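To start, the structure under review is shown below, and the notes come after it.
Computed from the coordinates by the stated procedures, all read-outs in this text should not be read as laboratory data. Since the model is a prediction, treat every value here as computed from it, not as a measurement. Glycine gets a Cβ as well: all are built from the backbone with ideal geometry, and neighbour counts include every protein chain shown.
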Amino acid sequence: MRRIGDAPATRAILITLATLLTTLFLVVPLASIFYQAFAEGLAPFWHNLSDQYTRQAIMLTLLIALVTVPVNLVFGVFLAWLVTRFSFPGRRLLQTFIDIPFAVSPVVAGLLYLLLYGRTGWLGSLLSEADVQLMFAWPGMVLVTIFVTCPFVARELIPLMQAQGSADEEAAVTLGAGGWTLFRRVTLPKIRWALVYGVILTNARAIGEYGAVAMVSGTIRGETVTLPLQVELLYQDYNTVGAFTSAALLAAIAVVTLVVKGVLEWHTQRRGKRHA
Amino acid sequence: MRARVLPGFTLSLGVTLLFVSLILLLPMTSLVGQLAGLSWSQYWAAITDPRLLASYRVTLLAAATASLFNALFGLLLAWVLARYAFPGKRVLDALMDLPFALPTAVAGITLATLYSRNGAIGALLAPYGIEIAYSWLGIALAMAFTSVPFVVRTVQPVLEDLPTRTDEAALTLGASNFYAFRRVIWPHIRPAVITGTGLSFARSLGEFGAVIFIAGNMPYETEVVSLMLATRLEEYDYAGAAAIASVVMLVSLLLLLAINLWQGRFYRRLHGGSFPG
Amino acid sequence: MLTTSPLRHAALAATLGLAFAGSAAQAADRTLLNASYDVSRELFADLNPQFVEQWQNDHDETVEIQMSHAGSSTQARAILQGLDADVVTFNQVTDVNVLAEQGGLIPEDWQSRLPNQSSPWYSTMAFLVREGNPHNIQSWSDLVGSDVSLIFPNPKTSGNGRYTYLAAWAATQQNNDGDEQATRDYMRQLLRNVEVFDTGGRGATNTFVERGIGDVLITFESEANGIVQQYGEDDYDVIVPPVDIMAEFPVTWVDENLDSDADRALAKAYLEFLYSEPAQRTLAENYYRVNDENVSEEFADRFPQTDMLRVNDVFGSWDNVMQTHFASGGTLDQLQRR
């Protein structure tokens, strides 16, 4: 069988070009992060990593991700179920709403939250009377991260569930399955990998979010500084190695994310082939 | 409307509406609140300041360049990844998602380090008079980097799903490779290419974290809209900032809406309109 | 099985949150949050341990000083929106005024609460040039040569940049006997010579030092000397022009954010400590100019003589400066217009 672009010359040229461009455009920046982190050897790297503020930044970043991911996971599943399994007025509008975080620049997102929950905002002034501080503390940073990352799970699920249709679920209901059993036994196995992929994306973005979090952080060292903010702070402290140490940590998380995703995809493909 | 056989409508509607109102819509009220304080003429003046107009131009130009680059780069990579088997393919494939996984601020600092006059890549280009960091090219570079995955990831699945017989038919008729690609493959992937490019463009318009480290921030030359917004805040002018934010939001939302509608049409065409997409 | 997993997540998050909240609280009896400007990190890293030790000796209490660094205006905005800072140490009077005028967080007469208009130290603008000063930059008028490229932060977003703008304006105005048109022409050329407008002081430093861009970096004298200390005396020279501006560094405690008399006393003691001789010595060691006579004599050779003009004398008041020069459509915008 012959396919377009199968001529050995075309093939070689295109693969080489793609590899070259990717190397220049993606691999070199990635490599340079690690190069700069280890520029002065292993000792400064470890020293920077064990810095108290860096450790606290890691903890805060993990906390934000740990709260954000489950919240958006639950929301994403409900939303996807709603818009793919039912037809009701306003469905298209709801789907556009979920795209708002993609349309709003993260800085604007942070600003909106600040204007609402800050001391001068109408909700914020009520909260501050009740002595509740959301902004410039970790709850506010969690809130904006939830905002910024909420479309990822839903966006992964909706096209898939749409394509799958609801015939299986309807059959199960006719057989008398209840809501939870239906979801767990029929739907979940079909969307599992898309769900995991959505979680991975949400997690990566929650760890790496910069613009929105910076707006509501107040950058109190050791308290409200996340890892990406720590990168910038150290960078401005004449501590390039320190900055790139934190950056390397974030890049390492990114690489792990990519590997996990790659393994998952490979897994899905294999399953796909087996079932086909 | 069909009968609701499936359970969970009320529950999922309730959860979704609660979440959408609290997380997404409530903060929007503060934007409206700020804008309500402006008269139409004040609003118009706030969004048509000459320096701001220049920053629209810079942002649009850089975002267009970035998404055009991504269209070509993405098409090439999607083709190579979908059509060929070669060693290292899995790594190349995984790398495509790197810009989404890497925090934008890290990307910005790294790109500025690499592409400035004394950086590893910048030093190679400097003798030829090519300056990337601190010029609008740098802005375009940062935007392109952060939105790489959009085109690749929308085109790749479409290419993978194309049946082999499409190619064969064209080639047995004696068409050249290029002609066959243009006449047979391109019509199939065009919607995906346009969707991906559109998403990449929308993302680029709002990009701040990566851009701010590599933009020269020169008035009328390398100031992006996000920076103008930050400047308004610096002047304690929340209404002015909100006005700029509203313009950016409107453009991006319209773009996304257009993409959604286009996708819907495309989807219906592919699947015969069986589901109200 | 599945039901336990969200629970486990929640529990994990809660534990982590507690561990996190606990980490700061268990360390010290009291905490004090100091919201400061961008380039004061090294300074307070030196000053804070001294105060902590002094307080420990006098009151038998451990105090933790938390620092938050960002541009002065960014900090003021954050405090207006609810950042719970106990004291502010800024580089611009206007940003403290805002706390009184827009937020009512401090009294209008805050400047009279501490000596020297509540400014424990001051500085001026300096030129950092590359080794040997190839363009022979000595004063403000040398900066507008057609082949000189400048780096200083954006006056729109940085207090550092604003002082540079005001110093250049004031010095030139004095030089040409108040001919405003000539001053404007000079300023237009000065702004045109800028190669990169970073948003903050440290961004500009990085552009000049790490990226190697520009012939002259204009920044605070303290920052310029700090760079020389950090990156080697052989590579750069610090030049202080003969006519310059007095950059004040106002400090005050934020009354509305201090809940008890004990907190107020701590905040006040912290700021008063900045006027004490040991603190003033540390400031001078960090190349800030101080008013303490013994200390300034001791460090006299570090600080070149210069005629320091005051913002209030040249421009009327800070409010006036902000209105006419830096507001949207103000003089700065006009000068940068094409």
With a Förster distance of 41 angstrom and the Cβ-Cβ distance between B:Asn260 and B:Leu124, calculated FRET efficiency to the nearest 0.05 equals 0.45
Using alpha carbon positions and the Kirkwood radius, the Rg to Rh ratio of the stretch C:39-133 is 1.04
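Taking every pair of alpha-carbon atoms in chain B, give the share separated by more than 31 Å as a whole percent.
So the pairs more than 31 Å apart make up 43 percent of the total in chain B.
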Under 5 Å between amide H atoms, partner at least 5 residues away or on a different chain: which partners does C:Val194 have, H built in plane at 1.01 Å? C:Leu150
Using a 7 Å offset from the Cα along the Cα-to-Cβ direction at both A:Arg92 and B:Ala64, what is the distance between the two label points in nm, to one decimal? 2.9
Per residue of A:253-261, count partner chain C-beta atoms within 10 Å of its C-beta, then hand back the mean as an integer. 5
Using a 10 Å cut-off around each Cβ of peptide B:231-243, what is the average number of partner chain Cβ atoms that fall inside? 5
For chain C, the longest principal axis of the Cα atoms and the Cα long axis of helix C:159-175 enclose an angle in degrees, to the nearest 10, of 30
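Placing +1 at every Lys and Arg Cβ and -1 at every Asp and Glu Cβ, with all other atoms neutral, what dipole size does the protein assembly as shown have around its Cα centre, in debye to the nearest 20?
Computed charge dipole of the protein assembly as shown: roughly 7400 debye.
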Report, largest value first, the span of the C-alpha coordinates of chain C along each principal axis, in whole Å. 73, 57, 43
Which of the peptides C:238-250, A:221-233, A:8-20, B:79-91 is most tightly packed, and how do the rest follow, judged by the mean count of other Cβ atoms within 10 Å per residue? A:221-233, C:238-250, B:79-91, A:8-20
What value, in deg cm²/dmol to 500, does the helix sum -39500 (n - 2.57) over DSSP H runs of n ≥ 4 give at 222 nm once divided by the residues of chain A? -24000 deg cm²/dmol
Computed over the stretch C:172-329, Kirkwood Rh from alpha-carbon pairs, angstrom: 18.9
What is the ratio of the Cα radius of gyration of the stretch A:59-225 to 2.2 N^0.38 Å, where N is its residue count, to two decimals? 1.20
Average other protein chain Cβ within 10 Å of Cβ, residues A:72-83: 5
Dividing the helical contributions, -39500 (n - 2.57) per DSSP H run of n ≥ 4, by the residues of chain B yields a 222 nm value, nearest 500 deg cm²/dmol, of -22000 deg cm²/dmol
With each label point set 7 Å from Cα along the Cα-Cβ vector, what nm distance links C:Gln56 and C:Glu285? 1.7
Taking only Cα atoms, what is the 0 to 90° angle, nearest 10, from helix C:41-59's long axis to the longest principal axis of chain C? 40
Over chain C: helical MRE at 222 nm, DSSP H runs n ≥ 4 each giving -39500 (n - 2.57), nearest 500: -13500 deg cm²/dmol
Between C:Asp259 and C:Ser112, how high is the FRET efficiency from 1/(1 + (r/R0)^6) when r is the Cβ-Cβ distance and R₀ = 25 Å? Nearest 0.05. 0.55
For the charge dipole of the protein assembly as shown, defined by +1 on Lys and Arg C-beta atoms and -1 on Asp and Glu C-beta atoms about the Cα centroid, which residue among A:Ala12, A:Ala247, C:His69 has the Cα displaced farthest towards the positive pole? A:Ala12
Consider a paramagnetic label point 7 Å from the Cα of C:Glu42 along Cα→Cβ; state which residues of the stretch C:274-291 have an amide N under 15 Å from it. C:282-289
Whose amide H sits under 5 Å from the amide H of C:Gly82, counting only residues 5 or more places off or on another chain, with H placed in the peptide plane? A:Arg119
Can you compute the label reach from A:Val259? Point 7 Å from Cα along the Cβ direction, backbone N cut-off under 18 Å, restricted to the stretch A:16-54. A:27, A:30-35
Determine, from the Cβ-Cβ distance of A:Leu24 and C:Asn312 and an R0 of 45 Å, the FRET efficiency 1/(1 + (r/R0)^6), rounded to the nearest 0.05. 0.25
Out of the DSSP beta bridges found with both residues in the protein assembly as shown, what percent are antiparallel (nearest 5)? 50
Report, in degrees rounded to the nearest 10, the 0 to 90 angle that the Cα long axis of helix C:221-231 makes with the longest principal axis of chain C. 80
For the stretch A:45-129, the Cα convex hull volume per residue in Å³ comes to 176
Under 5 Å from the placed amide H of C:Ala247, counting only residues 5+ away or on other chains, we find C:Ser123, C:Thr124
Inter-probe distance in nm under a simple model that places probes 7 Å from Cα toward Cβ, at A:Ala43 and A:Ala31: 2.8
Binned at 20 Å starting from 0, the alpha-carbon pair-distance distribution of the protein assembly as shown in whole percents comes out as 14, 45, 31, 9, 1
Can you grab the distance from the C-alpha centre of the stretch C:274-338 to the C-alpha centre of the stretch B:46-74, Å, no decimals? 39
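Only helices at least 27 Å long along their own axis, judged from Cα atoms, and with Kyte-Doolittle mean hydropathy of 0.0 or greater: name those in chain A from DSSP H. Walk me through the numbers before you get to the answer.
Working: long enough: A:52-85 (49 Å, 1.39); A:188-208 (29 Å, 0.81); A:240-275 (51 Å, 0.50).
Helices meeting the criterion: A:52-85, A:188-208, A:240-275.
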